[in-house]
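Taking it in order: structure first as structure tokens, then the write-up.
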Amino acid sequence: MKPHNQDHNQGEGDRLSARRYNRDVRRFVADGKVDDAARDAKQYVEEHPSAAASAEARARRGPHARRGTAATVDELIAKGRTIVDRIKPVVERVTKRVRRRLHRK
């Protein structure tokens, strides 16, 4: 049996983080903070509609888009780069690794 280690990387099915999140959500709801948070959110959206819309768009793109590594096709074209230019280094690295593993040049 494996020893219990709280710092152990659990991968995508991180049960410890899920438990913490669920516990915190239950506390938030039980403390009656939902109505206040909803009222604050509504007020913010009414006072700052463009900032709220951009924040929502950022959230919809997800965490990977925030790292700055994701670029749209339009952004690549504007920079004068094609999809092939963007993918070529990745393909070269993968090819080099495969050749190394197969002991070929």
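The values are calculated or read from the model by the stated rules, or taken from the named source; none is laboratory data. Everything numeric here is computed off the predicted structure, so don't read it as measured data. Cβ coordinates were reconstructed from backbone atoms using ideal geometry, including for glycine residues, and neighbour counts include every protein chain displayed.
In the stretch 15-27, is there at least one residue being surrounded by fewer than 11 Cβ atoms within 10 Å (Cβ to Cβ) and within 19 Å of the chain's Cα centre (by Cα)? Taking every residue of the stretch 15-27 in turn, at least one turns out to be surrounded by fewer than 11 Cβ atoms within 10 Å (Cβ to Cβ) and within 19 Å of the chain's Cα centre (by Cα).
Okay, residues lined up against (1) modelled with pLDDT of 90 or more; (2) loosely packed, with under 11 Cβ neighbours inside 10 Å:
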| position | (1), (2) |
| --- | --- |
| Glu46 | yes, yes |
| Ala55 | no, no |
| Arg58 | no, no |
| Pro63 | no, yes |
| Arg66 | no, no |
| Ala71 | no, no |
| Asp74 | no, yes |
| Lys79 | no, no |
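Checked against (1) touching a Lys or Arg at 6+ places or on another chain (Cβ under 8 Å); (2) among the charged types (D, E, K, R); (3) loosely packed, with under 11 Cβ neighbours inside 10 Å, Asp31 passes all but condition (1). Residues in the stretch 79-100 that are free of Cβ contacts under 8 Å to residues at least 12 places away in the same chain and basic (Lys, Arg): Lys79, Arg81, Lys88, Arg93, Lys96, Arg97, Arg99, Arg100.
Taking first residues from the stretch 13-41 that are more than 27 Å from Ala52 (Cα to Cα) and partners that are part of a loop (DSSP other than H, G, I, E, B) and modelled with pLDDT under 90, the Cβ contacts under 8 Å between residues at least 6 apart in sequence or on separate chains come to Leu16/Gln6; Leu16/Gln10; Ser17/Gln10.
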